[in-house]
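Asker: Take a look at this one; I'll ask things after.
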Amino acid sequence: MNNRNIPPWWTLDNAAKIFPSTGSAHDSKVFRFACELREPVDPQLLQSALDKTVDRFPMYRSVMKRGWFWYYLEDSPLPAQVHREELPPCYPIYPSVRRSLLFRVLYYRRRISLEVYHALTDGTGALNFLCALVYEYLLLRCPDAFSQPVPPLPYDASQSQRQADSFQKYYEKPAGRPMGRFPVAYQIRRERLPRNHLAILEGQMPLEQVLACARARGVTLTELMTAVFLRAIHGGMRVRDRKKPVVITIPVNLRSYFPSESARNFFATINVGYDFSTGEDSLEAVLKEVKRSFQDNLTAEKMRERMNALCALEHSVPLRLVPLPLKDIVLRIANKVAARGVTASFSNIGKVSMPKGMEELIHLFSVFACAGMLQACACSFGGVYVVSFASPFRVCETERIFFRELARLGIRVALTTNLPPEMEVH
Amino acid sequence: MLYCEKCGVYLSGSMNRCPLCQEKVAGQPEEDAYLPLPGTARPYGLTVRLAALLTVAALTVCAAVNYCFPEGGWWFLFVAAGLASVWLLTGIAFWKRRNPMKAIAWLLAAVPALVLAWDWRTGFIGWSINFVLPCFIPCMQLAAAGAARVLRLRPADYLFCLGICILAGFLPLIPLFCGALWMIYPSVVCAGISAISLSALLLFRGSALKAEIIRRGHL
């Protein structure tokens, strides 16, 4: 039997299982990585680079399908094509009227953007794909610019390593109660942008300045940004809402705790909160609490517990036997209940690396995601640290306080946005 | 590069005002890194709204006429049910317009349900189970097989839908064996066609069908 008749297919990993059931028009579960080059993008070369890159990541040639009990990924003959950016950022990929691959590659002026449906992979996996794409593109664009032999890509995992479901590999049946409860957190309620659009505000900062600012306070970059974010949200709260804690959910890359080269999802989340009704609202006080939270939560043991708790639900036999339409309803309700414990989200991807010689051709990398709530993502490349806010709200109150605070701390912030020049969003 | 004195931040792009505080900014505009948010209208929005307005208008006129001349009974309810049926079937066809196999599967569920409901509400003469369903189901089988052939679909993309259409072809046997039919030939022909189709499916696409069932049924 040939491949056309029985195509390869993959079960969804633990984290991916919830995305198809809980996605919606305003929470598309799509995230975007962008790479800004020094020169305008050549679409033909980008298409050639994409063809080469997809061959290395066969799971990217898959579509989402509904089973009777779970969704799954199935290999598809649909071609991966680059498109000039025309849709709003993080436009829904699944479900859609037309069956499509679960990612799209876009170009706009000097930017190459990769938008990925979260069920396919997480930030680390998508970043590896984008780096491979940019690598192939630059090899085609500037064939004489690199020394021979051509520098290899840092990410060189085998196909089986890329396709591995690391949740399954490291799952151990937990002994105690699987999930903890979170208090109800403050919810940002503001007028939303029309048609589920996302306002992007991207702040570019010199990495050295941000690092110096964090080191001067004895904290990490993520801790500093989380504390500033918490205070920014607090600054936009109504007085009557201030009795509720502000909680930021932070994805943690489990590859840092469990050896894995998987190009699929392999992350857990931790919640970092601050109750401004009982604590001081100074940056130092918030930083102290955030640092303590990070130290308490970011241990191998805690991460193992968290991962096992998440996987335990998937391994429950009664739950597995529930038909998919019913699972959709249950997961949607569970997701709404869990969302009540979270105010916003912050994801720090960390440092992006490209082979030597290619760094000079790239200006920056940036990342943001659509999660149905205010979402901030950060990454650094070369000497540039980029924090991007993706907001469904018409008013940029939190972002204003956040970036003003960074400027007040002595950091040179350069903003760029997708809001129209006259700020008229109808 | 632009600069907002109020916020103390630089701005890269062609904006006239600071996106944070909406104050006017000073400096040299640059190329925008992002595509500005579009402001286009939704496609089909106007058509759907016009169709909805026409439906409401037709229904209102019928209700008014029926209220003024009630001698023939509340016939405007049938008009309402008819319009609802048209909306349902058109909606399914439009919703699944990019995936004909899914459209066929949904229509296979919706049309028999509507036909049975209409037959039941109009005195249950039995025209639905005697004629319409035994004729409609083989048509859907043919449509599924034709769409798979014309669109050159892979077995994985049509087997499930085709399998459902074929299995649905055995449903007319229920009223047949219960003795509820006064015209048995369409139902017998329908079941016969389905039996031959099922045999062909198992003989020629048995492995692919088994793989499809394993994929869809994985736990």
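Asker: Plugging the Kirkwood radius over Cα pairs into Stokes-Einstein for the stretch A:223-330, at a temperature of 20 °C and a viscosity of 1.002 mPa s, what D comes out in µm²/s?
Answerer: Values: Rh = 16.3 Å.
For the chosen part, D equals 131 µm²/s.
Asker: Residue by residue, what Karplus-based ³J(HN,Hα) values in Hz, rounded to whole numbers, does the stretch A:10-25 have, using 6.51, -1.76 and 1.60 with θ = phi - 60° and x for Gly and Pro?
Answerer: 9, 6, 6, 6, 4, 5, 5, 4, 7, 5, x, 6, 10, x, 7, 5
Asker: Could you calculate the contour length gain from B:TYR67 to B:LEU88, that is, 0.36 nm times the residue separation minus the distance between their Cα atoms, to one decimal place in nm? Don't skip to the answer; put the middle values down first.
Answerer: Values: separation 21, 0.36 × 21 = 7.56 nm, distance 2.63 nm.
The span from B:TYR67 to B:LEU88 would gain 4.9 nm if fully extended.
Asker: Another question, then. Ranked by accessible surface with a 1.4 Å probe, highest first, in what order do B:CYS139, B:CYS165 come?
Answerer: Working: B:CYS139 80, B:CYS165 0 Å².
Heavy-atom accessible area, descending, gives B:CYS139, B:CYS165.
Asker: Taking only the alpha-carbon positions of the stretch B:118-219 and ignoring solvent, what does the Debye formula give for the base-10 log of I(q)/I(0) at q = 0.15, 0.18, 0.20, 0.22 Å⁻¹?
Answerer: With one equal scatterer per Cα and no solvent, log10 I(q)/I(0) is -0.67, -0.85, -0.96, -1.07.
Asker: A further question follows. Once you charge only the Cβ atoms, +1 for Lys and Arg and -1 for Asp and Glu, what is the size of the charge dipole of the stretch A:9-130 about its Cα centre, to the nearest 20 debye?
Answerer: On the way: 16 positive and 13 negative charges, 30 e Å.
Using Cβ point charges on Lys, Arg, Asp and Glu, the stretch A:9-130 gives about 140 debye.
Asker: Follow-up. Where does the stretch A:137-294 land on the Kirkwood hydrodynamic radius, alpha-carbon pairs, in angstrom?
Answerer: For the stretch A:137-294, inverting the mean 1/r across all distinct Cα pairs yields 20.0 Å.
Asker: Largest first, how would A:ARG189, A:ARG99 line up by accessible area (1.4 Å probe)?
Answerer: Working: A:ARG189 185, A:ARG99 80 Å².
Largest accessible area first, the residues go A:ARG189, A:ARG99.
Asker: Kindly provide the helix-only [θ] at 222 nm of chain A, computed as the sum of -39,500 (n - 2.57) over DSSP H runs of four or more divided by all residues, to the nearest 500 deg cm²/dmol?
Answerer: Values: 12 runs with 135 residues, N = 426.
Using -39500 (n - 2.57) per qualifying helix, the result is -9500 deg cm²/dmol.
Asker: Please report the base-10 log of the normalised intensity I(q)/I(0) for the protein assembly as shown, using a Debye sum with one equal scatterer per alpha carbon and no solvent, at each q in 0.10, 0.11 (1/Å).
Answerer: -1.02, -1.17
Asker: Using only Cα atoms, locate the centre of the stretch A:99-122 and the centre of the stretch B:81-152, then give the distance between them in Å, rounded to an integer.
Answerer: 37
Asker: Same structure, new question: If DNA, RNA and ligands are ignored and the probe is 1.4 Å, what is the ranking of A:PHE402, A:PHE267 by accessible area, most exposed first? Don't skip to the end; give the middle numbers.
Answerer: Details: A:PHE402 5, A:PHE267 35 Å².
My answer, sorted largest first, is A:PHE267, A:PHE402.
Asker: With the other protein chains left in place, how much accessible area per residue, in square angstrom, belongs to the stretch A:345-384 at a 1.4 angstrom probe? Could the numbers behind the result be given before it?
Answerer: Working: 1190 Å² over 40 residues.
Heavy-atom SASA per residue in the stretch A:345-384 reads 30 Å².
Asker: I've got another one for you. List the residues, sorted by chain then number, that are 5 or more residues from A:LEU12 or on another chain and whose placed amide H is less than 5 Å from its amide H.
Answerer: A:LEU73
Asker: Can you give the Rg to Rh ratio of chain B, both from alpha-carbon atoms, with Rh computed by the Kirkwood formula? Don't jump to the answer; show the numbers that get you there.
Answerer: Numbers: Rg = 28.2 Å, Rh = 22.7 Å.
Over the Cα atoms of chain B, Rg/Rh equals 1.25.
Asker: Let me ask you something else. Can you list residues whose amide H is under 5 Å from B:LEU11's amide H, if they're 5+ apart or on another chain and H is modeled 1.01 Å from N?
Answerer: Sorted by chain and number, the residues that satisfy this are A:LEU415, B:LEU2, B:TYR3, B:CYS4.
Asker: Taking the Cα centre of chain B as origin and charging only Cβ (+1 Lys, Arg; -1 Asp, Glu), how large is the dipole, in debye to the nearest 20?
Answerer: Numbers: 17 positive and 9 negative charges, 115 e Å.
I would put it at about 560 debye.
Asker: Taking each residue of B:1-11 in turn, how many C-beta atoms of other protein chains fall within 10 Å of its C-beta, and what is the average? Can you show the working numbers first?
Answerer: Working: counts 1, 2, 1, 5, 0, 2, 8, 9, 12, 8, 5.
Mean partner shielding for this stretch: 5.
Asker: Another question about this same structure. Would you work out which of A:ALA390, A:ILE411, A:CYS377 lies farthest towards the positive end of the dipole of the stretch A:366-426, given +1 charges on the beta-carbon of Lys and Arg and -1 on that of Asp and Glu, about the Cα centre?
Answerer: Of the listed residues, the answer is A:ILE411.
Asker: Between the chain alone and the structure with every protein chain in place, find the residues of the stretch A:100-120 that drop at least 40 Å² of accessible area; heavy atoms, 1.4 Å probe.
Answerer: Buried by 40 Å² or more upon assembly, which counts only protein chains, are A:TYR108, A:ARG109, A:ARG111.
Asker: Could you run the Karplus curve 6.51 cos²θ - 1.76 cosθ + 1.60 with θ = phi - 60° over the stretch B:99-114 and give me ³J(HN,Hα) per residue in whole Hz, x for Gly and Pro?
Answerer: Listing the rounded values in order: 9, x, 5, 5, 4, 5, 4, 5, 5, 4, 7, 6, 4, x, 4, 5 Hz.
Asker: Given R₀ = 35 Å, FRET efficiency for B:PHE78-B:ILE184 by Cβ-Cβ distance, to 0.05?
Answerer: Numbers: r = 30 Å, r/R0 = 0.85.
It comes out at approximately 0.75.
Asker: Pop out a list of residues from the stretch B:182-219 that are at least 50 Å² less accessible with all the protein chains around than in their chain alone; 1.4 Å probe, no ligands or nucleic acids counted.
Answerer: B:ARG215, B:ARG216, B:HIS218, B:LEU219
Asker: I would also like to ask the following. Could you run the Karplus curve 6.51 cos²θ - 1.76 cosθ + 1.60 with θ = phi - 60° over the stretch B:199-209 and give me ³J(HN,Hα) per residue in whole Hz, x for Gly and Pro?
Answerer: My calculation for the stretch B:199-209 gives 4, 4, 4, 5, 6, 9, 10, x, 5, 5, 5 Hz in order.
Asker: Also: Taking the Cα centroid of the stretch A:248-302 and of the stretch A:360-401, what is the distance between the two, rounded to the nearest whole Å?
Answerer: 19
Asker: Would you look at the GNM of chain A, springs on alpha carbons closer than 10 Å, and say which of A:PRO174, A:PRO149, A:PRO77 moves the most?
Answerer: For chain A, modelled as a Gaussian network with Cα springs under 10 Å, the answer is A:PRO149.
Asker: Let me ask something additional. Just the accessible area for B:LEU89, please: 1.4 Å probe, Å², rounded to the nearest 10?
Answerer: Rounded to the nearest 10, the figure is 50 Å².
Asker: Roughly speaking, what is the stretch gain from A:ALA145 to A:PHE258, that is 0.36 nm per residue apart minus the C-alpha to C-alpha distance, in nm to one decimal?
Answerer: Numbers: separation 113, 0.36 × 113 = 40.68 nm, distance 3.72 nm.
Value of the extension gain: 37.0 nm.
Asker: Gaussian network model of chain A, Cα springs within a sub-10 Å range: biggest mean-square fluctuation belongs to which of A:THR22, A:THR269, A:THR416?
Answerer: A:THR416
Asker: For chain A, set up a Gaussian network in which alpha carbons nearer than 10 Å are linked by springs, and say which option among A:SER347, A:SER316, A:SER158 fluctuates the most.
Answerer: A:SER316
Asker: I would also like to ask the following. Show the residues, 5+ positions off or on another chain, whose built amide H is closer than 5 Å to the amide H of A:ALA199.
Answerer: Correct list: A:SER391, A:PHE393.
Asker: To continue, here is another question. Chain pair A, B: how much accessible area is buried, both chains summed, with a 1.4 Å probe, in Å² to 100? Don't jump to the answer; show the numbers that get you there.
Answerer: Numbers: alone 20400 and 15200 Å², together 30530 Å².
Result for this pair: about 5100 Å² buried.
Asker: Just want the answer: with Cβ charges of +1 for Lys and Arg and -1 for Asp and Glu, which residue in A:TYR71, A:PRO43, A:ILE112 is farthest toward the dipole's positive end in the stretch A:2-128?
Answerer: Checking the options against the dipole of the stretch A:2-128, the answer is A:TYR71.
Asker: Identify unpaired cysteines across chain A, taking unpaired to mean no other cysteine Cβ lies under 4.7 Å from the residue's Cβ.
Answerer: A:CYS35, A:CYS131, A:CYS142, A:CYS213, A:CYS311, A:CYS377, A:CYS379, A:CYS396
Asker: Give me the dipole magnitude in Debye, nearest 20, for the stretch A:219-315 about the Cα centre, with unit charges on the beta carbon: positive for Lys and Arg, negative for Asp and Glu.
Answerer: Values: 14 positive and 12 negative charges, 51 e Å.
That gives a dipole near 240 debye.
Asker: Which one, A:THR299, A:ALA34, B:ALA168, is farthest towards the positive end of the dipole of the protein assembly as shown when Lys and Arg carry +1 and Asp and Glu -1 on their Cβ?
Answerer: Checked the options; the winner is B:ALA168.
The values are calculated or read from the model by the stated rules, or taken from the named source; none is laboratory data. On a predicted model such as this, the values are computed, not experimentally measured, just so you know. Here Cβ is always computed from backbone atoms with ideal geometry, including for glycine, and neighbour counts include all displayed protein chains. With ligands, DNA and RNA removed, areas are computed over all heavy atoms of the protein, side chains included. Shrake-Rupley method; radii C 1.70, N 1.55, O 1.52, S 1.80 Å.
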